Amino acid sequence: MSPAFGAMEVEHYSKGVLLEPFVHQVGGHSCVLRFNDKTICKPLIQREHQFYETLPTEMRKFTPQYEGVVSVSFEEDEDGNLCLIAYPLNGDHDNLENLDNSDCEPKSKLLRWTNKKTMLLENEKISKEWVRQHRKEEKMKSHKLEEEFEWLKKSEVLYYTVEKKGNVSSQFKHHNPWSMKCHQQQLQRMKENAKHRNQYKFILLENLTSRYEVPCVLDLKMGTRQHGDDASEEKKANQIRKCQQSTSAVIGVRVCGMQVYQAGTGQLMFMNKYHGRKLSVQGFKEALYQFFHNGKYLRRELFESVLKKLTELKSVLEKQESYRFYSSSLLIIYDGKERQEVAVDSDPEDLEDLSEESSDESAGAYAYKPTASTVDVRMIDFAHTTCKYYGEDSVVHEGQDTGYVFGLQNLIDIIKEIRDESSE
């Protein structure tokens, strides 16, 4: 990046970047927000921040890339709607040159309510009556969306039929119930604390879904224990109960969330953590099968890649002395939109048509497009992680995180079962 271009990006960013819901969040209670196409952000928790800053080298390929810290505040419009805005931390401008901010939405562009009323009334071609009617229609639409959202929140497993026209991935924006719920709750928390606090620190992380046209995401809660060493007795008892009543206690892993594009039916399927907790071991296996099934057939070509990465991760974690990854999750991600196969002797014009056909606005900005067999496996959520290198921790563990490794081995075994049974 040239110094001049970096300076322009820093100036652009310093004016504020509007944060939007991250539409591919399928689990967790902490709100994840979109900073730009390649970067997400979430509230900074000191323990998680410490983990990313002291991450062992061999684990980096299995976690999102850490990209720094921003200051987040919010503004309120005349109707009481809140909007989260990210700014660079004081004195942190030098680090911004390492961020690609070219696709950030500037605050000035998106906070359109600031001068909206004035601009409309100054335009002689638009009458006050039209303005009143327009605002009335907007409120009606908003009310309808709220009703739809309340229905979505009550659905543990939701199927949404994708419109054949338009971009499939863009339709996640309005129909991922978990992302909507987390965003709404984060705004509400910040609104309630508005009198006491209006500045929050958020960490910036790599957007693991950015390379995929239609990301299929599985969020797995790993380990036989979920409570941190610093948990209250009430929290501890609650987390133990959740483990005992789910597959966590039996196989060390449970479904925390899922989104899958099913090409056969043209539907997006969302499953939340409440459904995941109810699954038996057999139900967990069936959910995994469903994750790798596109509605037409099982995506068998994905198995070897995911098994290789899970086995490698298990080997890495077995060597991590003292780490405990309590309440962390494991993401498995692949592209629901398969690349069409083209014969080697295809006409060049046909190849050009196929290229245009397979590109859309969500992926067109990237030179790299994943093949059908590309699978990503990453660990996320380290708010309760502990290690002997964290000097302030009163409890120091020895050896590997046996509960997490136990869950990984069972996950590997179950995927192998699905693979073997499907080839019979």
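The values are calculated or read from the model by the stated rules, or taken from the named source; none is laboratory data. Model, not experiment: these values are computed from the prediction. Here the Cβ positions follow ideal geometry from the backbone for every residue, glycine too, while neighbour counts run over all protein chains shown. For the accessible areas, the whole protein counts, side chains as well, though only heavy atoms, and no ligand, DNA or RNA atoms are used. Shrake-Rupley method; radii C 1.70, N 1.55, O 1.52, S 1.80 Å.
Work the Kirkwood hydrodynamic radius out for the range 179-288: mean of 1/r over every pair of different alpha-carbon atoms, inverted, in Å.
That comes to 16.8 Å for the range 179-288.
Can you give the FRET efficiency for THR54 and VAL157, using 1/(1 + (r/R0)^6), R0 = 60 Å, r = Cβ-Cβ distance, to the nearest 0.05?
0.95
ARG47: accessible area at probe 1.4 Å, nearest 10 Å²?
50
Using a basic spin-label model with each label point 7 Å from the Cα along Cα→Cβ, how many nm lie between GLU301 and ILE240?
So the two model labels end up 4.9 nm from each other.
Among LEU288, ASN272, VAL316, which residue has its Cα furthest toward the positive end of the charge dipole of the range 269-325, with +1 on Lys/Arg Cβ and -1 on Asp/Glu Cβ?
Farthest towards the positive end: ASN272.
How much of THR161 can a 1.4 Å solvent probe reach, expressed as accessible area in Å² and rounded to 10?
Near enough 80 Å² of accessible area.
Enumerate the calculated ³J(HN,Hα) couplings along the range 261-273 in order (Karplus 6.51 cos²θ - 1.76 cosθ + 1.60, θ = phi - 60°), each rounded to whole Hz, writing x wherever the residue is Gly or Pro.
9, 9, 4, x, 10, x, 10, 9, 10, 10, 10, 9, 5
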